[in-house]
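Before I ask anything, here is the structure I am working with.
The values are calculated or read from the model by the stated rules, or taken from the named source; none is laboratory data. These numbers come from a predicted model, not from an experiment. Note: ideal-geometry Cβ built from the backbone for every residue, glycine included; neighbour counts use all protein chains shown.
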Amino acid sequence: MAVSSKMNRMPNCVCVCIDKDDYSGRIYHSYSETPVEFVDIAEMLATIEAVLNEVNFPEAKIKPRHFKKTQNRTVDFGIEFENKCIQPKDMADLKGEKGTFIINVTSRDFAHMQGAIFDASADKEYLFNSDIQLLKIISGACTTR
């Protein structure tokens with residue numbers, strides 16, 4: 001089994017390479033060859049969310065509201081849509097020491113991500129309906145290795 005053709009056409013796929021037991025690693029997205037490093041699960045989710053916000057696909061259904069003036073926490077990845085560097089089918093070749101996952105978020109309802117995750121190490125695809133399910137899939141796959 002390989003990355004599905006539907007996942008291969010999506011502009012918002014990210015590849016998560018888990019390198020250590022503390023779930024630190026690297027995130028690759030289609031518009032850059034250089035990875036974004038993260039130190040824990042929370043930072044991984046925040047980075048995926050930031051990439052999705054910059055690509056603006058899928059659009060978040062709930063926008064954060066602030067009643068006090070706060071500092072903007074967005075990250076500019078410098079995404080240029082004409083320059084797609086990495087195809088999702090090629091992301092499966094990137095390897096993390098503990099696991100490699102290609103995540104395709106299809107919607108962001110109720111402040112959670114929904115979509116499909118492809119475990120490149122086990123050659124399996126799973127569906128998830130929330131951030132918690134996504135984390136359980138990643139955690140379960142990394143602990144069985």
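Matching residues to (1) modelled with pLDDT under 85; (2) within 13 Å of the chain's Cα centre (by Cα):
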residue	(1), (2)
Ser32	yes, no
Gly99	no, no
Arg108	no, yes
Asp131	no, yes
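Let me ask something else about it. Hey, any hits in segment 123-133 for a residue that's crowded, with 21+ Cβ neighbours inside 10 Å, of a type outside the set (Lys, Arg) and touching a residue at least 24 places away in the same chain (Cβ under 8 Å)?
For segment 123-133, residues crowded, with 21+ Cβ neighbours inside 10 Å, of a type outside the set (Lys, Arg) and touching a residue at least 24 places away in the same chain (Cβ under 8 Å): absent.
Still on this structure, please answer the following. Report, by residue number, each residue of segment 31-66 that is buried (at least 17 other Cβ atoms within 10 Å of the Cβ), touching a strand residue (DSSP E or B) at 6+ places or on another chain (Cβ under 8 Å) and in a loop (DSSP other than H, G, I, E, B).
Across segment 31-66, the qualifying residue is only Pro58.
Let me ask something additional. I need the full set of residues from segment 108-145 which are among the aliphatic types (A, V, I, L, M) and over 18 Å from Asp40 (Cβ atoms), in order please.
Ala111, Ala116, Ile117, Ala120, Ala122, Leu127
Inside segment 19-30, can you point out the residues that are among the acidic types (Asp, Glu) and surrounded by 12 or more Cβ atoms within 10 Å (Cβ to Cβ)?
Asp19
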